[in-house]
Amino acid sequence: MIKEYLKMIIVLTLIATVCGFLLSAVKTFTFERIEEQILVNVKGPALKNVLNQATNNPINDRLEIELDGISHTVFIGKKDDRLYAIAFESTGAGFGGDIGVMIGIDIRKSTLSGIGILTHQETPGLGSRISETSFTDKFKGRSVNDNFKVKKDEGAIDAISGATNSSRGVCLATEKGVVLYSKLKAEILKKIKKRSNKK
Amino acid sequence: MEYIVLAVNAILVKNILLAQYLGNCPFMGVSKKTDTAAGMGMAVIFVMTFATFITWFVHYYFLVTFNIEYLQTIVFILVIAALVQLIEMFLKKSVPALYRSLGIFLPLITTNCAILGVAVLVITKDFSFLQSIMYAFFSGIGFALALVIFAGIRERFEISHIPAAFKDMSIALITAGIIAMAFYGFKGLDTSLKSILIK
Amino acid sequence: MKKSLFQEFFKGFWEILPPFRLVLGLCPTLAVTTLAENGLGMGIATTFVLFFSNILIASLKSVIPKKVRIAAFVIIIATFVVVVELVMKAYFFPISQKLGLFIPLIVVNCIILGRAEAFASKNSVLRSAADGLGVGLGFTMSLVLISSIRELLGQGTIFGFGVMWSGFEPFGFMAQAPGAFVSLGMILALINLVPKKL
Amino acid sequence: MLIATIFLMGLGLVASLILVVASKVFYVWEDPRIEEVSDVLLGANCGGCGYAGCAAAAEAVVQKKASPDVCVAGGFEIAKAVAEVMGMTVEEKEPEFSKPGCTYGFQDADLKYEYDGLYDCRAAVLLYNGSKICEIGCLGLATCVKACPFNALSMGKNNLPVVDNDKCTGCGICEEICPKGIITLSSATIRLMSDQKLSECTAPCQRHCPAEIDIPRYICEIRAGDYEGALRTIREKNPFPLICGWICPAPCEEECRRNLLDEPVAINGLKKFVADLERKNGEYKLPYLPPVSGKKISVIGGGIEGLTASYFLRRLGHDVTIIESTEKLGGILRYVISENRLPKEVLDWEIKGILSLGIKHRTGITAGRDISFKSMMEEGENLVLVTSGGWDSRQIMNNTMTSDSLIPKSNLLLNFLMSEESDRPSVKKKRVVIVGEGNSAVKAADICLDNVASKVCLIYPFSREEAIERNLDISIKKNLEIIFSSEISELSGIGNDLKQISIRDEYGDITEIGIDYLLIDSGRIPEMLFDLDKDSGIWRSVEVLKVLGKENSGGIFALKNIGRPTDLERVVVAVGIGRKLARGLHLHSTGEDIAPEEKVITDESQVANVFRIPNRQALINYKEKYDPSEIFTLEMSKDQAERCLSCGLICYKKGHQVCKLM
C-alpha cells in the first residue's frame, strides 16, 4: 500500500518536474521574441500614431530608464536621424479599470506629438470611444504645461459626453505622463547623447 | 452595487455558456434531463467558486511572486484537477448523500473549460479577490441557468418529430443558438444598469 | 480485428471526425470560428498538443499509476499547451491574441483528454501518434470548414479575401454566438445525412 | 528557470501528497471488485439491466443481487469477463433480439382518426388507444427508436420499426417503452416457450393451428425464397413439418381469409414443400441448441407427443431419454397409419432428425414391467414425463392385458374390466379410487367391492343431478363413497406404491384421500409429470398441463373438459400438447410457477376478425387444386405463397403491398 502511494507521489512529482524544466527552457528560448512581439503588436500601432513623423523604428531605438526603482521604457522618435520626439507609457484610472496610454512628446517644441490608447476596460460604445482619434487628437499639439483636465474639472479637454470618467482617466494618464516627462527629460537626453557618442 | 452589475453581467449579458462559449461539452452532454442538468449546475457553481478562490491565491501569491506567470495554465489545471478529486473524496466520506446526487458529475468537471476559463478570466480582467469570487459564483449560476433551460427544452424533443439528420446533437446545437439569441437580447443591460446605479 | 496504422490515421477524418462524429471540443469550435484564419490556427495548435500528448502518454502508460492517471495526463497535456502558448506568442503573435483565452483552454478540450483516456493509454506509441495526428487534422479540417462558412456569411470573406459580390450585406448574426451554434448544428445535420461507414 | 522547475516539482509533490493523504483520510471501503466489474462492463449506462447505470449494476453483481450476466447489452463476452472477476461461471445464452410484431403501418391500416398530436406513441395511445382500428397495432411514432440506446432501431418505409440485429443487444428498453407491446424481445427459445396471445397480431390461420405455427411468417419467408428460414419458423412450434404435411387435416386452411374470396392458400402444402426440400438436400438443419444444463428427464412413450416434448425439452437445454416399449419410435404413426397415407421413410427421416439433436432413446423397454417406476424416477433424475398413450397403444403392442400400467398400482378401467379374473390385481383390503364418468366405473367399483376392497371411492366429474340425468347408478353401497363434481389434482406415492390422491371439488377445495389402487376411466393414460423428492422418497404428480390456459384443464385427470388433450385425435394436436408439456416441465424444473401465460388465445377467445374482403386486387384465379401428397414445384410454391393476403389481426394485403420479414 505504502509502496503504491510512494509510486504515485514519485511519478507525479517527476512528471511535474520534467514538465517544469521543459517549460522554463521553452520560456527562456522564446522570452525575447515574445517581448518584442508584444512591443511590435501592442505598442507598435499606438507608437506609429504618436510618433507619426518618425523615420526610424522607435521600437528598435528604445531606452530603459530607471526612476525611483521603477523601470520605464522610452521610445525614441527620430526625424532625418535626429531626435525629435519620445514616447512612453502612462496609466490612469478610468471607469472600468486602468487605462494604458502611450504619450508622445515633441522634445523640441515641448508639446504633445500625440497620445494613443493602449489598453482599457471601458464600456463598449461609451467609454471605449476614448480610443477614437476624434478624442485623442484633442491632446495633439498641446503644450506640456497645459492643464490636462476635463472641462468639468476646470481643465482644457472636452470630455466625451456620457464618458466623463473614461475621459478623466485618459487625462489623468496624460497628466502623470507629463510629470514623468519632466522628471525623465534630463536623463533621457543624457542617454541619447551617450548612445550617439558611442556610434 | 458593483456586484449587482457584475451579477447581471455574468449571468445574463455575458453568460458563460451562451456568450462566452465556455463549458459547451457538458452543456451538450448532460442536458438531456432537467434533474441531471440541475445536479450538474449545482456542482459547477460550487466547484467554480471554490476553484477560483484557490487559483486566485495561487496566482497572486506564487506565480506573480516568483515571476512565472507563464506557467498559469499548467498550474491552474493541476490545482483544479487535484481540487476536484479532493472534493470528490471528501464528499464520498463525509456527505455521502450529497455525493450520490452530485458526485457523478465531479469527474466531468475537471474537463469543463468553464472552470479553468473563469479562473483565467478573473486574472486577465485584474479582478480583486472579492470581485473574482463573485464573478465565479455568478458565472456558475449563469451556467446552471442556461443548462437547466436548455435541458427543459431538450426534454421536449423526446416527444417531437425531428428529421433524422437533425436528431440529437444537431437540433440541440440549433436550439442552443436560439437560446443564445434570446440571451443576446440582454446586451447592454449591464451598461444601462450601471449608469442608473451611478446616478 | 485491428486496424492498420493507416486506418487509425484516417478514422479521424470521417469515422470519428471531431467535433461532428465525436461531439467533443465544442468550446473552441464555437468560439474561434469567426474567421477561417483563427480556425486554422486553433486547429493546428490543437493538433500539435494532441499529437505530442498522445505519444508521450502512450509511452508512459505503463509507468503511470491508475489512481493519478488523470492528474498525470492533465500535466502532460498542459505542458504542451503552454509550449504552444509560448511558441504562438513568439512567432504568431496576432493570431495568438485573437485566440486569446482559448489557447490555454486547449488543455480542457475534451478531445485531447478523451483520446488520451480512450486510445493512447491503451495503444502503442505508433498507433497513438497516428490516432493523434489523424484526429487533430480532422479537427483542423472541421474548424476550417466551419470558420470558412461563418466568415463567408458573416463578413463576406474567406481567409480575409473578399469573395462575395460587391453588394453583399454580411449577416452579422453569423459572427456572433447564436450564429456559431446554429451553423454548427446545420453542418452536423448535413454530415449526418452521409453514412458513417463509407 | 530553476524557480519554474522547482515550483512545478513542488506543486506536483504537494498535489500528489494531498491526494494520497486525502485518499487515506477520506477512505471509504468499497469492495474492490465493484471497480473491477464496472471496468469490465460496457459503460454505456443504458439501464437495460434495470439498474441505474453500469456502476450500480456492478455493485449489484458484487453484492450478489444480480448475476454476472446482468449486462444484457454486453452479451456473453462481458458476462464471462464479469464472472471471471467474481469467480463464477456463466452459461452462454442464446442472443435475444427485438422483434416488432405488427405487419401494417398506419398508412396501410384502417384508422379511426387522423392523429396529429405529440409525436410519441405514449401520448398517442391515450386518445382512444391510438388511431388504428386495430387495438394492438403499431402507432408508428418511433418512441422505441428514440429510446434505443444502441441506435439499433429505425423506422422503415411503412412506418414500422426495423431492427438492426447487429446493433441490437437485447436490452429490452424498447419492449418496456412501447405502450402497445408491439416490440418484444425474441429468440427462438422465447418463441417456442410462448403461446399465442390476444395482444399479438395473429392471423386466423395461425390462431386455428393446434400447434400454433406462425403461418404468415413462414409463407412470407417462402415468398422471399428463404426456405430454410421458413422451416426454422415452423420448427419453432412443430418438429414434424413433413409428417404434418402428409397427414395434417389442416384446420388452418379452413380459416384462411382467402376463403372469403376464392379458396384457401395451400398452407399445409407449403409446409410440406419446405420440409421436402430439406429432405431432398439430405441435411437435417439443427436449431440453436443451448448446452445441456437442465435436468435429466425420462420421457415414457416414443409416440408423436413424446417425441415433440423431447424435441422441445432438448431445445430448452434438458437431457432427455425416451423410453419406448416397441422396437421403434413413432407410436401410432408407425403402427396404425397406413403406408400410403404416411410413408415410413418420411417418418424415419423426421424421427432421425429429431434424435440428431442429441436425444437418447431406449426401445423395447416397457415401463412398469421391464423397468420399475421407482428406478425410472431415480434414473431420470427425479423427473418422469408420461406420454404413454393408452388402450390404443397397448393394442399395438399386442399385450393388452398387462395387469399394471406404468404408473404403479393403477390401470385403465378398460384393461381392468377386460382382463381375466385371474389376471386382475388383487384389491383385497385395499383402498381403491376409480375416476370415471360412465357406468363402467360403477361396474369396476362393484368388482372391487366383490373382491373385498376395504374402501372404494368413485370420483365423478359431474354433479349428483347430472349423474341422475345420465342414469348412473349412484345407489349407496357399503364401503363405497361417491364424490361428485370433482377431479384429481395430485397423485403421490412412495417407490412403487401409491400413497395419496388429492381431489379438487367445484369450489376449488382440496380433499386428500389415502389410496392403494387407482383405476382410470379413459382410453389413455393422461400426460403426467412426476417429480421425486429425494429426501422423503415421495414422488408426486405435477400439473404440467396447466399451461394450456383453458378452463378446467387444471387437474391431471381433467375429465370435465370435453375434448380434453389427453384424447388426441390429430397428430397436430399431439404436437401442440407435446410443446406445452415441454414448456410446463421446463418451468417446473427451473422452479417457476407453471401458469398459463396471460391473454392466451383459446377457442373461446373473442378475436377481432373481418367478414368480407373487398376484391381490391386482380386475384390470380386459382383453379387447379394441388394434391398435398405431391411435391410442390418451386413455381407452385411461389404461386401459393403469393396468394397469401399476409393477414394481420384485421389488416390484410390490399393492392400491391409486399410482406416483409419481421
If you check every pair at least six apart or on different chains, which have Cβ atoms under 7 Å apart with a residue in region C:90-108 that is within 13 Å of chain A (Cβ to nearest Cβ) and polar (S, T, N, Q) first and a residue that is open to solvent by less than 30 Å² (accessible area, probe 1.4 Å) and part of a helix (DSSP H, G or I) second?
C:S96/C:M88
Condition first: of a type in the set (V, I, T), more than 10 Å from chain B (Cβ to nearest Cβ) and buried (at least 24 other Cβ atoms within 10 Å of the Cβ). Now tell me which residues in region C:48-82 satisfy that.
C:V49, C:I57
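Do we have C:I191 as touching a residue at least 12 places away in the same chain (Cβ under 8 Å) and within 9 Å of chain B (Cβ to nearest Cβ) here?
On the way: touching a residue at least 12 places away in the same chain (Cβ under 8 Å): yes; within 9 Å of chain B (Cβ to nearest Cβ): yes.
When the stated conditions are applied, C:I191 passes them.
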Sole exception among (1) buried (at least 20 other Cβ atoms within 10 Å of the Cβ); (2) within 11 Å of chain B (Cβ to nearest Cβ); (3) in a helix (DSSP H, G or I); (4) modelled with pLDDT under 90 for C:G12, by number
(2)
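When you look at C:L143, is it open to solvent by less than 20 Å² (accessible area, probe 1.4 Å), more than 9 Å from chain B (Cβ to nearest Cβ) and of a type in the set (A, V, I, L, M, F, W, C), yes or no?
On the way: open to solvent by less than 20 Å² (accessible area, probe 1.4 Å): yes; more than 9 Å from chain B (Cβ to nearest Cβ): yes; of a type in the set (A, V, I, L, M, F, W, C): yes.
Answer is yes for this residue.
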If a residue must be in contact (Cβ under 8 Å) with a residue 60 or more places away in the chain and on the phi < 0 side of the Ramachandran plot, how many such residues does region C:158-173 contain?
1
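Here's the yes/no breakdown for (1) out of contact with any helix residue (DSSP H, G or I) (no Cβ under 9 Å at 6 or more places or on another chain); (2) buried (at least 18 other Cβ atoms within 10 Å of the Cβ); (3) at negative phi; (4) acidic (D, E):
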residue: A:M8; (1), (2), (3), (4): no, yes, yes, no
residue: A:A16; (1), (2), (3), (4): no, yes, yes, no
residue: A:L23; (1), (2), (3), (4): no, yes, yes, no
residue: A:E32; (1), (2), (3), (4): no, no, yes, yes
residue: A:Q37; (1), (2), (3), (4): no, yes, yes, no
residue: A:G44; (1), (2), (3), (4): yes, no, yes, no
residue: A:L51; (1), (2), (3), (4): yes, yes, yes, no
residue: A:P58; (1), (2), (3), (4): no, yes, yes, no
Any residue that is crowded, with 23+ Cβ neighbours inside 10 Å and modelled with pLDDT under 90 - is there at least one of those in region D:333-350?
yes
Pick out the one residue from B:A97, B:A81 that is free of Cβ contacts under 8 Å to residues at least 40 places away in the same chain, more than 9 Å from every other protein chain (Cβ to nearest Cβ) and in a helix (DSSP H, G or I).
B:A97
Residue hits (region A:145-199; of a type in the set (S, T, N, Q) and closer than 27 Å to B:I196 by Cα) are A:S161, A:T164, A:N165, A:S166, A:S167
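Residues in region D:267-276: is at least one outside any helix (DSSP H, G or I) and open to solvent by 10 Å² or more (accessible area, probe 1.4 Å)? Even if it seems obvious, please write down each step before you answer.
Residues of region D:267-276 that are outside any helix (DSSP H, G or I), as a first pass: none.
Within region D:267-276, not a single residue is outside any helix (DSSP H, G or I) and open to solvent by 10 Å² or more (accessible area, probe 1.4 Å).
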Looking at region C:83-109, which of its residues are in a helix (DSSP H, G or I) and open to solvent by 20 Å² or more (accessible area, probe 1.4 Å)?
C:E85, C:V87, C:K89, C:Y91, C:P94, C:I95, C:Q97, C:K98, C:G100, C:L101, C:F102
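Residue by residue through region D:352-382, note down the ones that are part of a helix (DSSP H, G or I), of a type outside the set (K, R) and either free of Cβ contacts under 8 Å to residues at least 12 places away in the same chain or in contact with a strand residue (DSSP E or B) (Cβ under 9 Å, 6 or more places away or on another chain) (or both).
Narrowing region D:352-382 to residues part of a helix (DSSP H, G or I): D:352-355, D:373-379.
Filter once more, keeping what is of a type outside the set (K, R): D:353-355, D:373, D:375-379.
D:L355, D:F373, D:S375, D:M376, D:M377, D:E378, D:E379 - these are the residues of region D:352-382 that are part of a helix (DSSP H, G or I), of a type outside the set (K, R) and either free of Cβ contacts under 8 Å to residues at least 12 places away in the same chain or in contact with a strand residue (DSSP E or B) (Cβ under 9 Å, 6 or more places away or on another chain) (or both).
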Within region D:190-204, is there a residue that is in contact (Cβ under 8 Å) with a residue 40 or more places away in the chain, open to solvent by 40 Å² or more (accessible area, probe 1.4 Å) and under 24 Å from D:I351 (Cβ atoms)?
yes
From D:S486, D:S492, D:S536, grab the single residue that is surrounded by fewer than 18 Cβ atoms within 10 Å (Cβ to Cβ) and of a type in the set (G, A, S).
D:S536
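On the given criteria, is B:M89 within 25 Å of C:K67 (Cα to Cα) and touching a helix residue (DSSP H, G or I) at 6+ places or on another chain (Cβ under 6 Å)? Please lay out each step first, then the result.
Numbers: within 25 Å of C:K67 (Cα to Cα): yes; touching a helix residue (DSSP H, G or I) at 6+ places or on another chain (Cβ under 6 Å): yes.
Taking the combined requirement at face value, the residue satisfies it.
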Give region D:131-147 a look and list any residue that's open to solvent by less than 30 Å² (accessible area, probe 1.4 Å), under 31 Å from the mean Cα position of the chain (by Cα) and more than 12 Å from every other protein chain (Cβ to nearest Cβ), or say none.
D:K132, D:C134, D:I136, D:G137, D:C138, D:L139, D:C144
Residue by residue through region C:15-39, note down the ones that are more than 10 Å from chain B (Cβ to nearest Cβ) and either in a helix (DSSP H, G or I) or under 26 Å from C:Q97 (Cβ atoms) (or both).
C:P18, C:T34, C:L35, C:A36, C:E37, C:N38, C:G39
Somewhere in region D:540-554, is a residue modelled with pLDDT of 60 or more, on the phi < 0 side of the Ramachandran plot and in a loop (DSSP other than H, G, I, E, B)?
yes
Taking D:Y115 and the conditions (1) part of a loop (DSSP other than H, G, I, E, B); (2) within 24 Å of D:F97 (Cα to Cα); (3) open to solvent by 30 Å² or more (accessible area, probe 1.4 Å), which numbered condition does it fall short on, given that it satisfies the others?
(2)
Residues satisfying the stated conditions in region B:45-88, i.e. among the aliphatic types (A, V, I, L, M) and open to solvent by 40 Å² or more (accessible area, probe 1.4 Å):
B:I54, B:V64, B:L86
Please specify each residue of region A:122-141 satisfying the condition of being part of a loop (DSSP other than H, G, I, E, B), modelled with pLDDT under 80 and surrounded by 17 or more Cβ atoms within 10 Å (Cβ to Cβ).
A:E122, A:T123, A:L126
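The values are calculated or read from the model by the stated rules, or taken from the named source; none is laboratory data. What you see is a predicted model, and the numbers here were worked out from it, not measured in a lab. Ideal geometry is used to build each Cβ from the backbone, glycine not excepted, and the neighbour counts take in all protein chains shown. Accessible surface areas use protein heavy atoms only, side chains included; no ligands, DNA or RNA. Shrake-Rupley method; radii C 1.70, N 1.55, O 1.52, S 1.80 Å.
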